[in-house]
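Scroll down for the structure; my scribbles are underneath it.
The values are calculated or read from the model by the stated rules, or taken from the named source; none is laboratory data. Just so you know, these numbers come straight off a predicted model, no measurement behind them. Glycine gets a Cβ as well: all are built from the backbone with ideal geometry, and neighbour counts include every protein chain shown.
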Amino acid sequence: MTFDRRTLMAMAAASVAGSAFGQTPPPGTKLALPAGLYQPTETIDLWPDGAPGAPAVPLVETVNERSTDAQLTDRAVFGISRPRMVVFRPAQSNGAAVLITPGGGYRWVVIDKEGYEMGRWLAARGYTVFVLFYRLPGEGWAAGPDVGLSDAQRAMRIIRSRAATYGIDPGKVGVMGFSAGGHLCADLATRFAVQTYKPLDEADKLSARPMIAAPVYPVISMRTPNAHPGSREKLLGPTPSVIEEQKHSPHLNVPDNAPPFFVLHAEDDDVVPVDNALLLRAAIRARNIVVETHIFAHGGHGFGLRKAIGKPAEAWPELFLNFARTQGF
C-alpha cells in the first residue's frame, strides 16, 4: 500500500487531533492477577465523544473470570460502551502493526486467551499490537450487525493516523482474529471500504484496508448448516433474512482488492465447522488473491496459543510469521 503526500498530511493532522482523546483503562478484574505476568495499561479510545448510536439503557462493562487456576487468567468482557484498543509495544519495533480481534461468539470479548496472550507473543517479535475491545451487536447499538465492523474500521484508521507515534509503517497494518473475532477480521478484510459510520475527523480519511488478514478458526458463513448458531443469533437475530445472511458472510463479499489471507482451522472443531475456513479460502482463490490455508487434524476450537501446546497446531504462530514475511509484513 502506498501513500501520497495528501494522505501523509492527513495522517499527521489526524495524529495531532487524536492525541487529545480521553483514555479508558483496560477491562479490569476484582481478582488478583498472576504475579510477574505483564498486564498492559496503555489504551486508545476509538470515539472521542462517545461511541455513536448508544443503546437506550446504559451498558455496564462486566468482566467474567472463567479460569479456576490462579496462575492462568481467562477473562471475558461484555457491556462494552467505550470501545478501545489496548496497546502492546515491542522493545524494538519491526515497523509493522497487528490489530487483534478476539473471539467470544459475539456474546463477549475474550481478554486473555485470544487477546493479551497473542499480543505479548507478537510484541516479543517486534510487532506493535493493538487488541480491540469492540462493541457487541446484541447489546442494542443503532448500527446493529455492523457495530463491530465500525469499531474495526475506526481502529485501523486510528492506528494509521498514529503511525509516527508508534514507529510503524502505515502501510503495514494487518489484522488477526479468532472465532467470532475471526468473522470480524474477515469482515474488515472484505468490507473495509463500506461506510458503516459517519466520518468524525482526519483519521477517517485514511484507509481501513488491512495489509494482510489472519482469521483463525473463524466464523464465516451466516447460513445453515455451516453457521455457528450462537454467533449468528447474536449478530443477526433469530430470523435473519437471506439478504442479511449474505451481507454478513465474508466469503460472499470478497472484493478484487482484498488483502492476502492466512486462514487456520482444525478438522475436529466441534463448535465452528471447518467448512467455514474452506468456504472463505475458495472465495479468496476465486478472486485470484493470495491465500495460505492450514487445516490441522487435531486442535478443536479456541486453541489460541495455550491449547495448541503439544499438538501439531502448536506451529501455527510461526507459520503465520513465515507467511507474513512472504508478503513483506
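Quick notes on this structure:
- Residues in segment 77-96 that are assigned to a strand (DSSP E or B) and under 15 Å from ASN64 (Cβ atoms): 2 in all.
- The residues of segment 50-66 that are touching a residue at least 40 places away in the same chain (Cβ under 8 Å) and in a loop (DSSP other than H, G, I, E, B), listed by number, are ALA51, PRO52, GLY53, ALA54, PRO55, ALA56, VAL57, LEU59.
- Within segment 173-203, the set of residues being more than 20 Å from PHE261 (Cβ to Cβ) and touching a residue at least 60 places away in the same chain (Cβ under 8 Å) comprises TYR197, LYS198, LEU200, ASP201, GLU202, ALA203.
- Residue match in segment 177-188 (condition: buried (at least 24 other Cβ atoms within 10 Å of the Cβ), within 14 Å of the chain's Cα centre (by Cα) and at positive phi): yes
- Criterion violated by ALA313 - all others in (1) in a loop (DSSP other than H, G, I, E, B); (2) at pLDDT below 95; (3) of a type outside the set (Val, Ile, Thr) satisfied: (1)
- Filter result for ALA20 (exposed (fewer than 11 other Cβ atoms within 10 Å of the Cβ), of a type in the set (A, V, I, L, M), within 17 Å of MET85 (Cβ to Cβ) and modelled with pLDDT under 95): yes
- Selection status of ALA32, under 26 Å from ARG89 (Cα atoms), modelled with pLDDT under 55 and loosely packed, with under 11 Cβ neighbours inside 10 Å: no
- Taking segment 97-140 as the range and being in a loop (DSSP other than H, G, I, E, B), in contact (Cβ under 8 Å) with a residue 60 or more places away in the chain and surrounded by fewer than 24 Cβ atoms within 10 Å (Cβ to Cβ) as the test, the residues that pass are ARG107, ARG125, GLY140.
- Every listed requirement among (1) closer than 20 Å to GLY115 by Cβ; (2) in contact with a strand residue (DSSP E or B) (Cβ under 9 Å, 6 or more places away or on another chain); (3) not in a loop (DSSP other than H, G, I, E, B) is met by ARG285 save one, (1).
- ALA214 meets all of the listed conditions (1) surrounded by 14 or more Cβ atoms within 10 Å (Cβ to Cβ); (2) at pLDDT below 95; (3) of a type in the set (Gly, Ala, Ser) but one, namely (2).
- Odd one out for VAL271 among (1) surrounded by 15 or more Cβ atoms within 10 Å (Cβ to Cβ); (2) hydrophobic (A, V, I, L, M, F, W, C); (3) without any contact (Cβ under 8 Å) to a residue 40 or more places away in the chain: (3)
- Count of residues meeting criterion [over 21 Å from the mean Cα position of the chain (by Cα) and either closer than 18 Å to MET211 by Cα or of a type in the set (A, V, I, L, M, F, W, C) (or both)] in segment 297-314: 2
- Count - residues of segment 229-254 that are assigned to a loop (DSSP other than H, G, I, E, B) and more than 19 Å from the chain's Cα centre (by Cα): 5
- Selection status of HIS294, within 14 Å of VAL219 (Cα to Cα) and under 20 Å from the mean Cα position of the chain (by Cα): no
- Qualifying position, being at pLDDT 95 or above, buried (at least 24 other Cβ atoms within 10 Å of the Cβ) and over 20 Å from TYR127 (Cβ atoms), among ARG160, ARG191, ARG154: ARG154
- ILE220 meets the conditions (1) among the β-branched types (Val, Ile, Thr); (2) in contact with a Lys or Arg (Cβ under 7 Å, 6 or more places away or on another chain); (3) farther than 30 Å from ASP49 by Cα in every case but one. The failed one is (2).
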